[in-house]
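**Student:** There's a structure below that I have some questions on.
Nothing in this text is a laboratory measurement; each read-out follows from the coordinates by a stated rule. Keep in mind it's a predicted model, so treat the numbers as computed, not measured. Here the Cβ is made from the backbone with ideal geometry for all residues, glycine too, and neighbour counts use every protein chain on show.
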Amino acid sequence: MALQTLFGSPTDTVNYENAPAYSLAPKQALAQYAATGCFGRTFYATEQEQLERVLRLCAGLSPEYVAQVAVYSRTQAYMKDLPALLCAWLSTKDARLHEFVFARVIDNTRMLRTYVQILRSGVVGRKSLGTAPRRLVRQWLEARDPEALFASHAGQKPSLADVIKMVHPKPENAVREAFYGYLLGREFDGAALPELVKQFESFRSGTSAAVPALPFTLLSALPLRAEDWREIARHASWQTTRMNLNTFARHGVFEEAEMVGLIAARLRDASEVRRARVFPYQLLAAFQSSGATVPAEIRDALQDAMEVAIANVPAVQGKVVVCPDVSGSMNSPVTGFRPGASAVRCVDVAALVAAALVRKNPSAMVLPFENHVVRVDLNASDSVMSNAGKLAAICGGGTNCSAPLALLNERQEKADLVVFVSDNQSWSDPRQLPGTALGAAWDRFRQRNPEGRLVCLDIQLLGTTQVRERADILNIGGFSDQVFEVIAAFASGQLEADHWVGRIEAIAA
């Protein structure tokens with residue numbers, strides 16, 4: 001181990017701060033994009049830079065692996081833009097794999113519109129749909145019930161009507177013919193329209209007071225009464241409810257005690273939370289943004305929902321140390337700077353991961369760091385939201401990833417699991433040749449803790465890391481509850497360091 005400290009693996013690149021770093025292998029880099037690829041401008045990288053890097057990675061990998069990443073990204077990491085991009089990329093490389101991926105990742109109208117938008121943008125080498133994509137989109141439309149299509153048709157550039165114009169689906173009956181005519185602004189038989197469309201038009205025209213069972217996005221632009229808003233809230237989906245608590249409060253939904261109880265019960269319903277595929281950070285966003293007019297019972301329900309969302313947080317045998325990065329670069333939004341992006345910052349997610357680990361491991365040591373370790377007092381019995389708020393409030397300063405381990409080494413501390421949550425853009429550490437300061441500090445730590453394991457969780461993948469993977473070191477990326485499952489498996493020795501590549505390659509393509 002001493003030789004490894006002195007003559008550790010040389011770094012092969014520099015990070016965005018021009019400091020020593022290790023590049024990720026292409027398969028691993030694309031695997032991490034599968035869990036973090038939101039294509040928004042980050043503190044360090046623009047949307048275009050991230051897009052170009054993903055396309056370069058795809059060009060150097062087999063189409064089979066790209067297809068496996070696309071499926072993993074959508075079905076397990078619940079990403080949107082990346083799987084649609086990879087599916088579009090495959091349309092120019094391999095017809096069979098393209099069709100395989102399309103059937104698994106284009107699972108709703110929003111994904112369909114994103115796929116079409118990417119194809120027409122030219123970023124994957126074509127600016128039109130082409131024969132195979134047009135056929136797949138047409139078949140996708142034909143397989144959906146017209147009422148389901150209408151309920152999900154909100155959105156532009158392209159709209160669902162634009163997509164229909166591009167692929168020219170042939171209506172197989174009078175209902176679908178009327179529906180397509182209605183969406184396209186052409187002549188149609190009103191009597192043949194789907195019943196849900198009729199209800200919407202009756203409600204919009206004022207001939208009916210019954211609020212149709214449609215998504216919030218299709219109804220919110222209409223002139224609605226307080227009782228209409230309550231009816232919408234009564235039938236809203238879990239995610240719609242989470243995203244519109246302030247809107248409901250503004251329109252008087254919570255003025256009725258029955259509605260407060262109903263919505264609180266929906267938010268804390270464990271089966272609904274799991275079905276919604278909610279990320280823990282999305283619950284944090286809802287909690288942080290809830291205004292004073294949102295009842296306390298609703299905010300309490302969000303905290304209950306958080307306990308469900310972090311069910312995969314490991315209770316690790318032995319001592320746990322969590323090191324959230326609270327430096328200035330972590331102040332950027334976790335999904336990037338773009339219209340409609342979440343206001344939750346990287347530091348909020350880092351704090352959330354730390355608070356969740358403390359919740360399940362009450363004796364865990366928390367060492368927030370920027371240029372140095374920052375003192376903070378957390379109470380394991382406090383809610384995850386409260387502890388995350390305390391940590392996130394620290395944000396500022398440079399990035400010194402080795403600082404927590406340097407402190408542990410100075411104190412001669414022992415631990416079984418050390419978890420870093422960072423953007424990995426360390427630059428203020430003492431220079432350590434030939435490797436990084438974090439790597440050298442970890443090697444010294446392992447001399448006292450030969451069974452210790454290190455997890456480096458990357459919130460915004462930027463292509464470099466501070467430590468190379470090996471049996472005791474795991475680099476992962478992302479901010480869903482999958483992260484906790486992976487940490488638990490690695491901490492217990494059930495997972496190898498190249499877990500994501502292995503799991504992705506296990507997907508039948």
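**Student:** Tell me, what is a quarter of the convex hull surface for the C-alpha atoms of the range 322-443, in nm² with one decimal?
**Tutor:** On the way: hull surface 31.6 nm².
The number I arrive at for the range 322-443 is 7.9 nm².
**Student:** Sort 145, 94 so that the residue with the fewest other Cβ atoms within 10 Å of its own Cβ comes first and the one with the most comes last.
**Tutor:** On the way: 145 13, 94 18.
Fewest-to-most ranking of 145, 94: 145, 94.
**Student:** Work out the FRET efficiency for residue 128 and residue 224 from their Cβ-Cβ distance, taking R0 = 45 Å, and round it to the nearest 0.05.
**Tutor:** Details: r = 40 Å, r/R0 = 0.90.
Step by step, r from the Cβ atoms, then E = 0.65.
**Student:** Please find the FRET efficiency linking residue 300 to residue 208, where r is the Cβ-Cβ separation and R0 is fixed at 35 Å, and quote it to the nearest 0.05.
**Tutor:** Details: r = 37 Å, r/R0 = 1.05.
Working from the Cβ atoms, E equals 0.40.
**Student:** Okay, next question. I need the fraction of alpha carbon pairs in the range 227-319 separated by more than 16 Å, rounded to a whole percent.
**Tutor:** 50 percent
**Student:** Pull out the extension gain between residue 372 and residue 168, defined as 0.36 nm times the separation in residues minus the alpha carbon to alpha carbon distance; nm, one decimal. Write down the numbers at each step before the final one.
**Tutor:** Numbers: separation 204, 0.36 × 204 = 73.44 nm, distance 6.10 nm.
Result for the pair: 67.3 nm of gain on full extension.
**Student:** What percent antiparallel are the DSSP beta bridges of the chain, to the nearest 5? Let's see the in-between values first.
**Tutor:** Values: 8 of 27 bridges.
DSSP beta bridges in the chain are roughly 30 percent antiparallel.
**Student:** For the range 14-173, compute the orientation-averaged projected area of the C-alpha convex hull (one quarter of its surface), in nm². Present the calculation step by step, with values, prior to reporting the outcome.
**Tutor:** Working: hull surface 39.8 nm².
For the Cα atoms of the range 14-173, the hull's average projected area reads 9.9 nm².
**Student:** Identify the GluC sites (Glu not before Pro) of the range 136-236 meeting these criteria: DSSP loop state and at most 15 other C-beta atoms within 10 Å of the C-beta.
**Tutor:** Working: sites: 142, 147, 172, 177, 187, 195, 201, 227, 231; in loops: 172, 187.
Loop-located and lightly packed - 172, 187.
**Student:** While we're on this one: Cα axis of helix 109-120 to longest principal axis of the chain: angle in degrees, 0 to 90, nearest 10?
**Tutor:** Between the helix axis and the principal axis of the chain, the angle is about 80 degrees.
**Student:** If each residue's Cβ is checked for other Cβ atoms within 10 Å, how do 153, 168 rank with the fewest at the top? Don't skip to the end; give the middle numbers.
**Tutor:** Working: 153 19, 168 9.
So the ranking, lowest neighbour count to highest, is 168, 153.
**Student:** So for the chain, taking the charge dipole from beta-carbon charges (+1 Lys/Arg, -1 Asp/Glu), which of 61, 396, 257 sits furthest toward the positive end?
**Tutor:** Selected residue: 61.
**Student:** How large is ³J(HN,Hα) for each residue in the range 136-142, as worked out from phi by the Karplus curve 6.51 cos²θ - 1.76 cosθ + 1.60 (θ = phi - 60°), to whole Hz, x for Gly and Pro?
**Tutor:** 5, 5, 4, 5, 4, 5, 5
**Student:** Right, next: Which aspartates and glutamates, if any, have their Cα less than 15 Å from the Cα of residue 157, not counting same-chain residues under 8 positions apart?
**Tutor:** Qualifying aspartates and glutamates at Cα under 15 Å: 81.
**Student:** Give me the distance between the Cα centres of the range 298-328 and the range 263-283, rounded to whole Å.
**Tutor:** 15 Å
**Student:** While we're looking at this one, here's another question. Relative to the longest principal axis of the C-alpha atoms of the chain, give the angle of the C-alpha long axis of helix 482-491, reported between 0 and 90° and rounded to the nearest 10°.
**Tutor:** Computed tilt is about 30 degrees.
**Student:** Moving on. Just one of [x] 23, 57, 19, 1; [y] 21, 50, 25, 4, 0; [z] 25, 61, 14, 0 is P(r) over Cα pairs in 20 Å bins from 0, in percent as worked out from the coordinates here. Which one is it?
**Tutor:** [y]
**Student:** Can you tell me the FRET efficiency between residue 311 and residue 343 if r is taken as the Cβ-Cβ distance and R0 is 25 Å, rounded to the nearest 0.05? Display every interim value, and only then the final one.
**Tutor:** Values: r = 25 Å, r/R0 = 1.01.
Approximately 0.50, to the nearest 0.05.
**Student:** While we're looking at this one, here's another question. Count neighbours as other Cβ atoms within 10 Å of each site's Cβ, and list the trypsin sites (Lys or Arg not before Pro) in the range 61-132 that are DSSP loop with at most 13 such neighbours.
**Tutor:** Working: sites: 74, 80, 93, 96, 104, 110, 113, 120, 126, 127; in loops: 80, 93, 126, 127.
Sites meeting the loop and neighbour criteria: 127.
**Student:** Still on this structure: Could you size up the charge dipole of the range 248-329 around its Cα centre, putting +1 on the beta carbon of Lys and Arg and -1 on that of Asp and Glu, and report it in debye to the nearest 20?
**Tutor:** Values: 8 positive and 10 negative charges, 75 e Å.
Approximately 360 debye in magnitude.
**Student:** By how many nm would the segment from residue 412 to residue 184 lengthen if fully extended, with 0.36 nm per residue of separation less the alpha-carbon distance?
**Tutor:** Numbers: separation 228, 0.36 × 228 = 82.08 nm, distance 7.07 nm.
Residue separation times 0.36 nm, minus the Cα-Cα distance, leaves 75.0 nm.
**Student:** Then there is this: Plugging the Kirkwood radius over Cα pairs into Stokes-Einstein for the range 79-210, at a temperature of 37 °C and a viscosity of 0.692 mPa s, what D comes out in µm²/s?
**Tutor:** Working: Rh = 15.6 Å.
Rounded to a whole number, D works out at 210 µm²/s.
**Student:** Roughly speaking, what is the stretch gain from residue 379 to residue 451, that is 0.36 nm per residue apart minus the C-alpha to C-alpha distance, in nm to one decimal? Walk me through the intermediate numbers first.
**Tutor:** Details: separation 72, 0.36 × 72 = 25.92 nm, distance 2.78 nm.
Using 0.36 nm per residue and subtracting the Cα-Cα distance, I get 23.1 nm.
**Student:** Then there's this: Cross-link candidates for residue 170: which aspartates and glutamates have Cα within less than 20 Å, leaving aside residues fewer than 8 places away along the same chain?
**Tutor:** Candidates past the 8-residue exclusion: 142, 145, 147, 162, 187, 189.
**Student:** Classify the range 156-227 as rounded, prolate or oblate, taking a ≥ b ≥ c as the square roots of the eigenvalues of its Cα gyration tensor: rounded when a/c is under 1.5, otherwise prolate if a/b is larger than b/c and oblate if not. Present the calculation step by step, with values, prior to reporting the outcome.
**Tutor:** Values: a/c = 2.77, a/b = 1.57, b/c = 1.76.
Oblate, because a/c is 1.5 or more while a/b does not exceed b/c.
**Student:** How high is the relative contact order of the range 79-210, given as a whole-number percent (alpha carbon pairs under 8 Å, six or more residues apart)? Intermediate values should be presented prior to the final figure.
**Tutor:** On the way: 119 pairs, mean separation 23.7, N = 132.
Relative contact order here is 18 percent.
**Student:** Dipole of the chain, Cα-centred, from +1 at each Lys and Arg C-beta and -1 at each Asp and Glu C-beta, to the nearest 20 debye? Don't skip to the answer; put the middle values down first.
**Tutor:** Numbers: 53 positive and 52 negative charges, 195 e Å.
The dipole of the chain has a size of about 940 debye.
**Student:** Output the pairs from 80/319; 93/165; 27/165 with a Cα-Cα distance over 31 Å in this structure; if there are none, say none. Mind showing how you got there, number by number?
**Tutor:** On the way: 80/319 37 Å; 93/165 26 Å; 27/165 38 Å.
Pairs exceeding the cut-off: 80/319; 27/165.
**Student:** Restricting attention to the range 188-292, which trypsin sites (Lys or Arg not before Pro) occupy a DSSP loop and are surrounded by at most 16 other Cβ atoms within 10 Å?
**Tutor:** Working: sites: 198, 204, 225, 230, 234, 242, 250, 266, 268, 274, 275, 277; in loops: 225, 277.
Passing both the DSSP loop test and the Cβ count: 225, 277.
**Student:** Label-point separation (nm) for residue 96 and residue 144, each offset 7 Å from Cα along Cα-to-Cβ?
**Tutor:** 2.9 nm
**Student:** Continuing with this model, one more query. Between rounded, prolate and oblate, where does the range 430-480 land on the alpha carbon gyration tensor, with a ≥ b ≥ c its root eigenvalues, rounded for a/c under 1.5, else prolate if a/b exceeds b/c?
**Tutor:** Working: a/c = 2.61, a/b = 1.32, b/c = 1.97.
Judged from the Cα gyration tensor, the range 430-480 comes out oblate (a/c at least 1.5, b/c at or above a/b).
**Student:** Placing +1 on the Cβ of each Lys and Arg and -1 on the Cβ of each Asp and Glu in the chain, which of 362, 439, 501 has its Cα farthest towards the positive end of the resulting dipole?
**Tutor:** 501
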